[in-house]
Amino acid sequence: QVQLVESGGGLVQPGGSLRLSCAASTSIAGFYALNWYRQAPGKQRDMVASMSRQGRINYTDSVKGRFAISRDNAKNTVYLQMNNLKPEDTAVYYCNAQSVFTEYWGQGTQVTVSS
């Protein structure tokens with residue numbers, strides 16, 4: 001069973017930065033997509049950033065220019081660098097890894113942007 005463990009969340013003031021990490025219990029090189037989702041209270045879980053195995057990257061419009069997804073295959077870790085954070089970025093952030101037959105989720109890490 002693949003395990004994904006997120007870390008790096010916390011409380012930050014508007015305009016601040018955080019870097020989320022997602023450590024996998026297996027090699028991430030084989031997944032065809034690695035993604036970050038977020039879910040705010042009372043809302044659905046939405047994709048924030050995605051990276052294909054070939055390195056193709058997509059972001060939801062609201063985070064373009066502020067967030068950056070990256071990966072370190074040697075460490076089996078995916079990152080989400082979040083800059084210029086806004087109160088509307090407050091949510092639980094989840095790491096997601098997709099293979100051909102299934103997908104895996106982390107337990108989530110809380111990000112709160114507030115003054």
Two-site FRET efficiency, Q54 against N84, from Cβ-Cβ distance with R₀ of 35 Å, rounded to 0.05: 0.80
All lysines inside 26 Å of K86 as judged from Cα atoms, apart from same-chain residues fewer than 8 positions distant: K43, K64
Loop-resident sites, the range 50-115, for chymotrypsin sites (Phe, Trp or Tyr not before Pro), counting at most 11 other Cβ within 10 Å (DSSP): F101
For the range 56-63, 3J(HN,Hα) per residue [Karplus equation, 6.51 cos²θ - 1.76 cosθ + 1.60, θ = phi - 60°, Hz, x = Gly/Pro]: 6, 10, 9, 10, 5, 4, 5, 10
GNM flexibility winner over the chain from D61, D46, D72 (Cα, springs under 10 Å): D61
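Report, to the nearest whole %, how much of the accessible area of the range 1-98 belongs to carbon and sulfur atoms, 1.4 Å probe, protein only.
46 percent
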At most 16 other Cβ within 10 Å, DSSP loop - trypsin sites (Lys or Arg not before Pro), the range 1-102: K43, R45, R53, R56, K64, R66, K75
Integer Hz, Karplus 6.51/-1.76/1.60 couplings in order for the range 74-87, x for Gly and Pro: 5, 9, 6, 9, 10, 10, 9, 7, 10, 10, 6, 5, 10, x
Stretch gain in nm, segment S17-K43, where the contour uses 0.36 nm per residue and the Cα spacing is subtracted: 7.0 nm
Under 15 Å, Cβ to Cβ, from Y32 - net charge with Lys/Arg +1 and Asp/Glu -1: +2
Local electrostatic count, N96, Cβ distance below 15 Å [Lys/Arg +1, Asp/Glu -1]: +1
Rule-of-thumb Rg ratio for the chain [Cα; 2.2 N^0.38 Å; N residues]: 1.00
Accessible surface, per residue, of the range 1-96 when the full set of protein chains is kept, probe 1.4 Å, Å²: 52 Å²
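The values are calculated or read from the model by the stated rules, or taken from the named source; none is laboratory data. If you're wondering where the values come from, they're calculated on a predicted model, not measured in any experiment. Cβ: placed from backbone, ideal geometry, glycine included. Neighbour counts: every protein chain shown. When the accessible area is computed, the model is the full protein with side chains, heavy atoms only, and any ligands, DNA or RNA have been set aside. Shrake-Rupley method; radii C 1.70, N 1.55, O 1.52, S 1.80 Å.
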